[in-house]
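First comes the structure, then the notes that go with it.
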């Protein structure tokens with residue numbers, strides 16, 4: 001009995017020491033080392049790829065934001081604030097087809113098939129409400145209407161796909177250079193700026209393909225709007 005008790009106590013002690021050592025190594029030392037390396041080598045990414053303006057964190061370069069007017073009485077969805085560049089539709093397409101909510105709780109794609117609502121393989125005015133075709137057509141009409149200003153008319157064929165469809169996450173922070181360029185005249189008119197100055201902003205904030213061949217050129221909307229705010233303040 002005594003030997004059995006001693007052996008049990010020895011095994012228990014060894015197990016407890018192993019537990020404490022492994023807890024220290026894997027639960028304390030390893031996380032500290034990994035965190036230290038991340039902070040030293042990838043400080044911005046480790047902290048959420050924060051974007052600052054006027055010394056304050058205003059968002060992340062990885063998550064889109066909405067640029068809407070305050071809700072009016074009786075409204076369920078706010079109108080887009082058209083003095084700003086607008087991002088992709090978020091959380092599925094809705095009545096506000098320029099840019100919906102960008103709320104993390106609503107993240108996700110529409111889950112509608114590519115031919116949802118198509119009539120003989122095409123999206124037409126006869127497409128049923130709630131289908132992808134009907135939503136895309138409504139979104140395209142809104143983009144054309146909102147971005148057509150005196151001296152510049154947007155045609156339906158000018159509207160790129162990312163202006164009327166949400167990304168898989170619904171939180172895409174970037175738009176195509178084509179969609180950004182389409183908004184230039186409207187943003188210039190709304191802010192009393194020259195088209196050339198706003199167009200230069202877009203070009204300055206257009207990122208090329210990663211390593212020259214991965215992905216597509218894109219424009220981060222938050223960074224572009226911060227630059228737009230600075231430009232407007234200097235006019």
Quiz item: Looking at (1) under 29 Å from residue 111 (Cβ atoms); (2) touching a residue at least 60 places away in the same chain (Cβ under 8 Å); (3) crowded, with 17+ Cβ neighbours inside 10 Å, which is the one condition that is false for residue 140?
Solution: (2)
Self-check item: Counted residues, the range 158-181 - those being farther than 22 Å from residue 134 by Cβ and over 13 Å from the mean Cα position of the chain (by Cα)
Solution: 4
Quiz item: If residue 162 satisfies every condition in (1) in contact with a strand residue (DSSP E or B) (Cβ under 8 Å, 6 or more places away or on another chain); (2) at pLDDT below 95; (3) in a loop (DSSP other than H, G, I, E, B) but one, which is the exception?
Solution: (3)
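Give me a count of the residues in the range 177-235 that are in a strand (DSSP E or B) and either without any contact (Cβ under 8 Å) to a residue 40 or more places away in the chain or in contact with a helix residue (DSSP H, G or I) (Cβ under 9 Å, 6 or more places away or on another chain) (or both). Before you say what the answer is, go through the steps one by one.
Pass one, the range 177-235, residues in a strand (DSSP E or B): 206-207, 210, 214, 218-220.
Next, from what is left, pick out any that are either without any contact (Cβ under 8 Å) to a residue 40 or more places away in the chain or in contact with a helix residue (DSSP H, G or I) (Cβ under 9 Å, 6 or more places away or on another chain) (or both): 206-207, 210, 214, 218-219.
Residues meeting the conditions: 6.
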Quiz item: Given the range 1-62, what helices (runs of 4 or more DSSP H) lie entirely inside it while holding 1 or more residues that are more than 28 Å from residue 173 (Cβ to Cβ), without any contact (Cβ under 8 Å) to a residue 24 or more places away in the chain and outside the structural domain of residue 226 (by TED's automatic domain parsing)?
Solution: 2-24, 30-41
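The values are calculated or read from the model by the stated rules, or taken from the named source; none is laboratory data. Quick caveat, the model's predicted, so the values are computed rather than measured. Don't worry about glycine lacking a Cβ; one is built from the backbone with ideal geometry, like all the others, and counts go over all protein chains shown.
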